[in-house]
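Chemist: Below is the structure I would like to discuss, written out as structure tokens.
What follows draws every value from the coordinates through simple rules; no lab data is involved. All figures in this text were calculated on a predicted structure; none of them were measured in a lab. Here Cβ is always computed from backbone atoms with ideal geometry, including for glycine, and neighbour counts include all displayed protein chains.
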Amino acid sequence: MIASSHPPALPGTAFALPVLPGIALEVVAGANLGDPLSFAADLIPDDTYALMRGARTRRLSLHPDGPARFRVAADTAAGQPGALLHLDSCLTFMTTDGETAEVLVMVEVDQGGDVAEVHVLPLVPLKPKTRYTLVTIDTEGASARLAEIACVSFSRGTHITMATGEQRRIEDLCPGDRVLTRDEGPQEIRWIGQTTLRAHGEHAPIVITKGTLHNAHDLIVSPDHRLFIYQRADVLGAGRAEVLVRARHLVNGTSVYRQNGGFVDYFQILFDRHQIIYAEGIAAETLLLDPRTSPALPADLAARLGETLGGRHGAGLEDFEVPERLLDLPDAAAVLRRASLG
């Protein structure tokens with residue numbers, strides 16, 4: 001049992017994850033035959049699982065609440081708003097074809113601290129009629145794996161505007177280089193991270209094609225990367241001219257689309273404060289340091305920055321984010337392009 005209480009859902013912008021319920025994966029061969037996927041302590045390696053017919057992901061909206069802890073947000077489609085949720089483990093499965101698939105297991109607890117629901121975040125799409133044999137149970141590296149997909153990232157080759165006006169590829173940047181920021185002028189890069197992830201399903205990068213938002217070249221970013229748009233007229237009904245929009249909310253299948261398949265090299269840029277910089281001419285956010293993203297940093301750097309920056313890393317940009325419902329348009333990218341031109 002884990003001590004818990006359910007305060008009101010936290011204010012501010014939540015993040016969403018596409019999860020399956022644990023009951024959607026069932027042991028079809030092995031010691032736990034007939035049991036659903038559960039948390040690490042109940043799992044047995046070599047058990048074989050199958051995805052139940054008709055299983056669909058739902059969006060689990062969360063607020064960070066400490067290391068490997070979250071609160072379910074009010075606008076969630078899965079889970080109980082306000083409930084405490086623990087990041088339990090990262091599991092690796094292998095199919096009969098020798099392919100591997102990772103999932104993150106999250107455990108939601110009730111007010112008494114008992115397990116209310118197990119949520120499963122697939123890092124690659126799981127397929128029906130496929131057998132998945134559990135080969136690895138990792139309770140130490142789950143936070144780092146979540147951080148890899150939580151960090152807002154630019155793809156290899158992205159041109160970043162430097163303090164001098166030079167356009168430099170992101171892979172050529174170094175800590176200490178000075179980049180032009182929208183709100184605080186030239187700022188030194190504190191840290192640059194690099195990860196290589198499988199580009200599949202919900203985690204596939206988003207391509208914003210040349211010219212869609214006045215960008216000089218295609219811009220390829222992580223799905224939840226937020227772009228900063230100035231509307232000369234408030235066409236979205238956001239109540240403000242300046243808005244942040246998530247890249248995945250702009251997907252229209254033509255000028256903005258998911259790039260599925262293979263792998264993607266991602267880069268993360270960290271400053272002393274959460275900043276808006278210019279990537280291919282588009283204003284876009286940099287890495288926001290919080291309990292969800294901190295595990296992506298080297299341990300010594302995360303500890304040092306945690307001491308010096310504390311909770312002061314955010315620059316108040318969260319209030320500018322536009323909810324998904326306001327972007328539910330036939331072509332939100334085209335609407336924003338016109339609005340930014342006036």
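Chemist: With Cβ to Cβ distances under 13 Å as the rule, what net charge do the other residues near Val72 carry (K, R +1; D, E -1)?
Modeler: -1
Chemist: Say R0 is 51 Å: what FRET efficiency, to the nearest 0.05, do Ala216 and Ile23 get from their beta-carbon distance?
Modeler: That pair, Ala216 with Ile23, gives E of 0.60.
Chemist: On to the next question. How high is the FRET efficiency from Ala233 to Glu171, r the C-beta distance, R0 25 Å, rounded to 0.05?
Modeler: 0.10
Chemist: Using the Karplus curve 6.51 cos²θ - 1.76 cosθ + 1.60 with θ = phi - 60°, work out ³J(HN,Hα) for each residue of the stretch 206-211 in order, rounded to whole Hz, and write x for Gly and Pro.
Modeler: Result, ordered by residue: 9, 9, 9, 5, 3, x Hz.
Chemist: Using label points projected 7 Å from each Cα along Cα→Cβ, tell me how many nm separate Arg182 and Val335, to one decimal.
Modeler: Distance between the two pseudo-spin positions: 1.9 nm.
Chemist: Let me ask something else about it. Quickly work out the Ala299-to-Asp75 label distance, labels modelled 7 Å from Cα along the C-beta direction, and quote it in nm with one decimal.
Modeler: Each label point lies 7 Å from its Cα, and together they span 3.7 nm.
Chemist: Under 15 Å from a label point 7 Å along Cα→Cβ of Met52: give me every residue in the stretch 72-93 with its amide N that close.
Modeler: 79
Chemist: With n ≥ 4 as the cut-off for DSSP H runs, can you work out [θ] at 222 nm for the chain, using -39500 (n - 2.57) per run divided by the number of residues, rounded to the nearest 500?
Modeler: Calculated from helices alone, the mean residue ellipticity at 222 nm is -2500 deg cm²/dmol.
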